[in-house]
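The block underneath contains the structure these notes are about, expressed in structure tokens.
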Amino acid sequence: MIDIGNSWDAFERVKESINNMRALSVLPDGAEVTFNSCGFARPISIVPLSIMGLSKNLSFSDIPGYLGTIGFPSGQEVEYYTDNNGTYLPLTRADLTNLDYEGKEQKLRSLSDIYISLLERNIITDKQFLQRIGKDVSALLITEMIDNIFEHSEASTSIIFSQYWPGNDSCEICLADNGIGMYESLLNAGRNVESEIDAMQKVIEEFLSAKDEFGSTKRGTGIRNAINLLSNNELNGYFCVISGTAGYYVDSQGRKTFLNLQNLDWNGTIVNMGFTKPAQKLDIYEYIR
């Protein structure tokens, strides 16, 4: 039922993940799920399956060894992660169920702060890599996306997972939630959006946001900054966001496309981000607005 391949192409893996999500979406709650194949699993391969599995109470049988090692599908609450010597992080979960406004804010701030530290300490062991990207890159990418969960999503669960591959000096971070998604968030804020794909296009092209500032609509900067930072020729990265029935993918190779998903409606938002070690120290302020 689930097929995870071996391609290094980020866009191909996004499409593969969409196909796997589509396969799970038609299953009844509590169904059993099997893996037809599990090759080279990436964060985008794993995080959406985990969120959907938890939301639908799916039972995964014969979980491949690596997925079991990282705690698939339920993951681990971030505050209980204590391994200071690992070379990987488990699927890291923030359970927001039954928390009030302040409780959700505290939990997500903790997820952001702790995960950034863990990412730099336990995964990216290449000191030159860390020196060239600085602390600002991972902090901006993770903090901005987690802030969106708190401010807009109304999610009960969020999961983040990342991997670093020293063989080609690259890192991928995937974050997903089971909230209301972009379209509903914008509608609730009174924005003029006609459909899921219209909402996605306006967020990407017009920087439309559900935020208000001084009585007027505030332009969204989080996704714009992430795209600018990742799709340049220094980090040679990529950015993908999926929400509802729409998605968007962009990378440093010039690929840029909106995705109108067929037979799939993701309840929430998925963000997948990847980057490589730059040739020299990156000036983040050349790319953020």
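The values are calculated or read from the model by the stated rules, or taken from the named source; none is laboratory data. These figures come from a predicted structure and were not determined experimentally. Every residue, glycine as well, gets a Cβ built from its backbone with ideal geometry; the counts of neighbours run over all protein chains shown. These area figures cover heavy atoms from the full protein model, side chains too; ligands, DNA and RNA do not enter into them. Shrake-Rupley method; radii C 1.70, N 1.55, O 1.52, S 1.80 Å.
Over segment 1-80, the pair-distance histogram of Cα-Cα distances with 5 Å bins from zero comes to 3, 15, 29, 27, 17, 8, 2 percent, rounded to whole numbers. Per the Cα gyration tensor, the chain maps to an equivalent ellipsoid with semi-axes of 25, 24, 20 Å, ordered largest to smallest. Computed on segment 116-255, with alpha-carbon pairs under 8 angstrom and 6+ residues apart, the relative contact order is 16 percent. The residues of the chain present an accessible area of 43 Å² per residue when probed at 1.4 Å with all protein chains retained. Protein heavy-atom surface of the chain, 1.4 angstrom probe: 45% of the accessible area is carbon and sulfur, with nucleic acids and ligands not counted. If R0 equals 25 Å, the separation of the Cβ atoms of MET1 and ASN260 corresponds to a calculated FRET efficiency of about 0.55.
Using a ≥ b ≥ c from the Cα gyration tensor of segment 125-166 (square roots of the eigenvalues), is it rounded, prolate or oblate, where a/c under 1.5 gives rounded and otherwise the larger of a/b and b/c decides, a/b for prolate? Judged from the Cα gyration tensor, segment 125-166 comes out oblate (a/c at least 1.5, b/c at or above a/b). The helix-based estimate of mean residue ellipticity at 222 nm for the chain, built from -39,500 (n - 2.57) per DSSP H run of four or more residues and divided by its residue count, is -11000 deg cm²/dmol to the nearest 500. The per residue volume of the convex hull around the alpha-carbon atoms of segment 92-181 is 84 Å³. The heavy atoms of GLU154 offer some 130 square angstrom of accessible surface to a 1.4 angstrom probe.
Here, segment 158-203 has an Rg and a Dmax of 15.9, 47 Å when only alpha carbons are counted. When each of the peptides 43-49, 114-120 is scored by the mean number of other C-beta atoms lying within 10 Å of its residues, the order from highest to lowest reads 43-49, 114-120. Distance distribution note for segment 196-289: the fraction of Cα pairs above 22 angstrom is 33%.
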